[in-house]
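Colleague: Mind looking over this structure? Questions follow.
The values are calculated or read from the model by the stated rules, or taken from the named source; none is laboratory data. Given the structure is predicted, the values throughout are model-derived calculations rather than measurements. Ideal geometry is used to build each Cβ from the backbone, glycine not excepted, and the neighbour counts take in all protein chains shown.
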Amino acid sequence: MMIRDEFRQIRDNGVWHQNTSLVQILGLCPLLAVTTNLVNGVMLSLATIIVMAISNAAVSSLRNLIPHEIRIPVFILIVAALVTVVDLIFNAQFHDLYLVLGIFIPLIVTNCIVLARVEAFANKNPLLQSTLDGVFMGVGMLWTLALLGGLRELIGGGTLFSGIDMVFPALQQLQLLPADYPGFLLAILPPGAFILLGCLIAWKNWVEARAAARSPGRPPMPSAAVTDGA
Amino acid sequence: MTDFTTPPYLLLERSSVRRVMLQVLAALLPGIAAYVWLIGPIILVQLAIATLAALAGEALMLGVRRQPRGLFLTDGSAIVTAWLIALAFPPMAPWWLIVVGTLFAIVVAKHLYGGLGQNPFNPAMVAFAACIVSFPALMSQWPALGLTLTLTLSEQLQIIAGLASRVDVMSGATPLDALKTALKLGDGELDVPTLLATQEVFGHFAGRGWEWVTSGYLLGGLWLWQRRIIAWHAPLGFIAGLSLLAGVLWLWQPQQFASPLFHLFSGGTLLGAFFIVTDPVSGCTTPKGKLIFGFSAGLLAYTIRVFGGYPDGVAFAVLLLNLCVPLIDMYSQPPIFGLKNEK
């Protein structure tokens, strides 16, 4: 049984205070390579959420059985098995998307976020909390990658949801800017991802600084990622 | 208005940024005059667009960063960036391309890094690199020879405003590009001396028309040096590096490589040598460092220009060397006066 405050803390940490992309700055490789559009970012995040939730649950249940000295290889084995399952599901269900995302689905195994949460949280906390932590850390990654992918797609090509037909064949991409929009290609290229990620981090810091300035009595939530060894 | 509350040395400092920037702008005038005379007065429109965009971006960012507008808007640094961008971009670039480039330079390359004096990269070169990576087609469309002189000014304005079609008339390339493409298409059968003598795009010793524009930059640069606004180290190093590589390759295979003279007066060499690598903010600060900085940038600019895929290499060379500036500065500190340089 868990209390409401605990749930809220896990949720807020995952979604905002320890956001994987904006605060912990983990998993930059898929972040840079995959967020060329919104759909890719969302789908890779969904795959990561599934892996994180189940691996956190598995490690949390087995945490008293795993010898401390060899815990990392055991974690990797569990995560790798789950990623293989997700990889096969993507290949079967969304084959076109699977070809686009390519190596980045298998690479979820090596994603620091998954191992960081398993090691830092699931290894020390009960089943329910660990599963929720995996889900909400993934949700934090999801909205960041969706925002970044959407911005890059919009600035770079003037569209939104391109490639949605690979997930839902009935849907079409949205052309938000006029068709003769020349496209600011830099946003699609890796430097654009770095610049926009920097802007997002600056925006998050600005929001927190403003919130702290408005309520001087209450100290701001510590957003230090270092505390949990990630 | 006399300000009695500020110590005199501060008054001198404050006005000196503006004085330096105004002299840099003045030094660009001979090149601009040649540009207007040989290529067309359209460059004046582009300069005006870039200046307005730069001042707007500067005012916006100063407001966001809560810095004194009156002081920084009038120091002229934004206008120098704007003019360099307008001169480096194709003369018939659509207006929004100039605006996007200038805003990118001012907002991202200058103010996001901390504003005047804080930017690690040359803003004008960041704008050029960002635009040539994002819009390679538009940035490579230079007017075919004589076109800007035959089209009336209103027709040129229509092209810039995007009202007239630009497909057919904009088939030209820079002299550097023309040489590279012809050599590639010729597949060893064409050689450089024949090309330079026969093709219309080439003039006496470099690109027709452009050779006098770049001579104007040289003139302005020498004046800046004579006024002690810039030191000789960086420009000389840049020219030496580029000429050395060009000269060696030219002596080795004169059929395949153009002469150093051609490379000096083509593309952005002289504009870069006197107005870009001399940037006191993003360049090196020690004399020896300036020499190394300029020389390496020259070598790199030639390499990218001749063997790379882009029309010119000055922007990428300068940006790459900007990254090395802290390292070069660290290893080129002059010995302290009165002490022996301990080795």
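Colleague: Among the residues of the range B:177-218, what is the count of those that are at pLDDT 70 or above and part of a helix (DSSP H, G or I)?
Modeller: The number of residues fulfilling the criteria is 25.
Colleague: Okay, moving on. Report yes if some residue within the range B:302-311 is without any contact (Cβ under 8 Å) to a residue 24 or more places away in the chain and closer than 17 Å to B:PHE121 by Cβ; otherwise report no.
Modeller: Looking only at the range B:302-311, we keep the residues that are without any contact (Cβ under 8 Å) to a residue 24 or more places away in the chain, and these are B:304, B:307-309.
Going one step further and asking which of them are closer than 17 Å to B:PHE121 by Cβ, we end up with B:304.
Within the range B:302-311, one or more residues are without any contact (Cβ under 8 Å) to a residue 24 or more places away in the chain and closer than 17 Å to B:PHE121 by Cβ.
Colleague: How many of the residues in the range B:152-176 are outside any helix (DSSP H, G or I), modelled with pLDDT of 70 or more and of a type outside the set (Ser, Thr, Tyr)? I'd like the intermediate steps shown before the answer.
Modeller: In the first step, residues of the range B:152-176 are kept if they are outside any helix (DSSP H, G or I); the result is B:152, B:162-174.
From what's left, modelled with pLDDT of 70 or more: B:152, B:162-163, B:174.
Within this subset, residues satisfying the condition of being of a type outside the set (Ser, Thr, Tyr) are B:162-163.
Residues in the range B:152-176 being outside any helix (DSSP H, G or I), modelled with pLDDT of 70 or more and of a type outside the set (Ser, Thr, Tyr): 2 in total.
Colleague: Follow-up. Tell me, yes or no, whether the range B:49-61 has at least one residue that is part of a loop (DSSP other than H, G, I, E, B) and either away from chain A (no Cβ under 14 Å) or over 15 Å from the mean Cα position of the chain (by Cα) (or both).
Modeller: no
Colleague: Residues of the range A:201-225 being at pLDDT 85 or above, surrounded by 11 or more Cβ atoms within 10 Å (Cβ to Cβ) and away from chain B (no Cβ under 13 Å), which ones?
Modeller: A:LYS204, A:ASN205, A:VAL207, A:GLU208, A:ALA209, A:ALA211, A:ALA212
Colleague: Checking the condition surrounded by fewer than 23 Cβ atoms within 10 Å (Cβ to Cβ) and modelled with pLDDT under 90, which residue from B:GLY308, B:GLY313 passes?
Modeller: One residue alone meets the criteria, B:GLY308.
Colleague: Exactly one of (1) away from every other protein chain (no Cβ under 12 Å); (2) not in a helix (DSSP H, G or I) is unmet by B:TYR113. Its number?
Modeller: With respect to (1) away from every other protein chain (no Cβ under 12 Å); (2) not in a helix (DSSP H, G or I), B:TYR113 is out only on (1).
Colleague: Given the conditions (1) under 20 Å from the mean Cα position of the chain (by Cα); (2) closer than 30 Å to A:ASP180 by Cα, and given that A:ALA120 satisfies all but one, which numbered condition is not satisfied?
Modeller: (2)
Residues are listed down the side, and each one gets a yes or a no for (1) assigned to a helix (DSSP H, G or I); (2) at pLDDT below 90; (3) touching a strand residue (DSSP E or B) at 6+ places or on another chain (Cβ under 8 Å); (4) not polar (S, T, N, Q):
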{"position": "A:ILE10", "(1), (2), (3), (4)": "yes, yes, no, yes"}
{"position": "A:THR20", "(1), (2), (3), (4)": "no, yes, no, no"}
{"position": "A:VAL23", "(1), (2), (3), (4)": "no, yes, no, yes"}
{"position": "A:LEU32", "(1), (2), (3), (4)": "yes, yes, no, yes"}
{"position": "A:ILE50", "(1), (2), (3), (4)": "yes, no, no, yes"}
{"position": "A:VAL59", "(1), (2), (3), (4)": "yes, no, no, yes"}
{"position": "A:ILE70", "(1), (2), (3), (4)": "yes, no, no, yes"}
{"position": "A:VAL74", "(1), (2), (3), (4)": "yes, no, no, yes"}
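Colleague: If you don't mind, there's one more thing I want to ask. For the range A:24-55, give me each residue that is aliphatic (A, V, I, L, M) and more than 14 Å from A:ARG117 (Cα to Cα). Spell out how you get there, then give the answer.
Modeller: Step one: filter the range A:24-55 for residues aliphatic (A, V, I, L, M), giving A:25-26, A:28, A:31-34, A:38-39, A:42-44, A:46-47, A:49-54.
A:LEU28, A:LEU31, A:LEU32, A:ALA33, A:VAL34, A:LEU38, A:VAL39, A:VAL42, A:MET43, A:LEU44, A:LEU46, A:ALA47 - these are the residues of the range A:24-55 that are aliphatic (A, V, I, L, M) and more than 14 Å from A:ARG117 (Cα to Cα).
Colleague: Applying the selection to the range B:17-27, what residues are in contact (Cβ under 8 Å) with a residue 60 or more places away in the chain and either closer than 13 Å to B:SER215 by Cβ or surrounded by fewer than 20 Cβ atoms within 10 Å (Cβ to Cβ) (or both)?
Modeller: Once the filter is applied, which keeps residues that are in contact (Cβ under 8 Å) with a residue 60 or more places away in the chain and either closer than 13 Å to B:SER215 by Cβ or surrounded by fewer than 20 Cβ atoms within 10 Å (Cβ to Cβ) (or both), the range B:17-27 yields B:VAL17, B:VAL20, B:GLN23, B:ALA26.
Colleague: Then there's this: Please work out which one of (1) under 19 Å from the mean Cα position of the chain (by Cα); (2) on the phi > 0 side of the Ramachandran plot; (3) without any contact (Cβ under 8 Å) to a residue 40 or more places away in the chain is the condition A:GLY158 fails and give its number.
Modeller: (1)
Every residue, every condition in (1) touching a strand residue (DSSP E or B) at 6+ places or on another chain (Cβ under 8 Å); (2) under 30 Å from B:SER154 (Cα atoms); (3) not β-branched (Val, Ile, Thr), yes or no:
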site	(1), (2), (3)
B:ALA56	no, yes, yes
B:ALA59	no, no, yes
B:ARG66	no, no, yes
B:ILE79	no, yes, no
B:ALA105	no, yes, yes
B:HIS111	no, no, yes
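Colleague: Being over 20 Å from A:VAL39 (Cβ atoms), of a type in the set (Phe, Trp, Tyr), touching a residue at least 60 places away in the same chain (Cβ under 8 Å) and within 14 Å of another protein chain (Cβ to nearest Cβ) narrows it down to one residue among A:PHE194, A:PHE136, A:PHE121; which is it? Spell out how you get there, then give the answer.
Modeller: Working: A:PHE136 fails: within 14 Å of another protein chain (Cβ to nearest Cβ); A:PHE121 fails: within 14 Å of another protein chain (Cβ to nearest Cβ).
Going through A:PHE194, A:PHE136, A:PHE121 in turn, just one is over 20 Å from A:VAL39 (Cβ atoms), of a type in the set (Phe, Trp, Tyr), touching a residue at least 60 places away in the same chain (Cβ under 8 Å) and within 14 Å of another protein chain (Cβ to nearest Cβ): A:PHE194.
Colleague: Only one residue in B:ALA78, B:ALA105, B:ALA124 is within 14 Å of chain A (Cβ to nearest Cβ), surrounded by 24 or more Cβ atoms within 10 Å (Cβ to Cβ) and assigned to a helix (DSSP H, G or I), so which one is that?
Modeller: Values: B:ALA78 fails: within 14 Å of chain A (Cβ to nearest Cβ); B:ALA124 fails: within 14 Å of chain A (Cβ to nearest Cβ).
After ruling out the rest, the residue left standing is B:ALA105.
Colleague: Something else now. What is the number of the single condition among (1) outside any helix (DSSP H, G or I); (2) under 24 Å from B:VAL133 (Cα atoms); (3) touching a residue at least 60 places away in the same chain (Cβ under 8 Å) that B:GLY298 does not meet?
Modeller: Unmet for B:GLY298, out of (1) outside any helix (DSSP H, G or I); (2) under 24 Å from B:VAL133 (Cα atoms); (3) touching a residue at least 60 places away in the same chain (Cβ under 8 Å): (1).
Colleague: In addition: State yes or no: is A:ARG71 over 17 Å from the mean Cα position of the chain (by Cα) and either crowded, with 17+ Cβ neighbours inside 10 Å or closer than 17 Å to A:LEU31 by Cα (or both)?
Modeller: Here the answer is no, as A:ARG71 does not meet what is asked.
Colleague: Could you list all residues from the range B:301-337 that are part of a loop (DSSP other than H, G, I, E, B) and among the aromatic types (Phe, Trp, Tyr)? Step through it out loud before you land on a result.
Modeller: In the first step, residues of the range B:301-337 are kept if they are part of a loop (DSSP other than H, G, I, E, B); the result is B:308-313, B:332-337.
B:TYR310, B:PHE337, listed by residue number.
Colleague: A:GLY163 is checked against (1) farther than 27 Å from B:ALA105 by Cβ; (2) of a type in the set (Gly, Ala, Ser); (3) at pLDDT 90 or above and fails just one. What number does that condition carry?
Modeller: Unmet condition: (3).
Colleague: Here is a follow-up. Quick one: in the range A:156-187, of everything that is surrounded by fewer than 19 Cβ atoms within 10 Å (Cβ to Cβ) and within 11 Å of another protein chain (Cβ to nearest Cβ), which residue is farthest from B:VAL126 (Cα to Cα)?
Modeller: A:ASP180
Colleague: Next question, about the same structure. Please go through the range B:129-148 and pick out each residue that is at pLDDT 85 or above and more than 12 Å from chain A (Cβ to nearest Cβ).
Modeller: Selection gives nothing.
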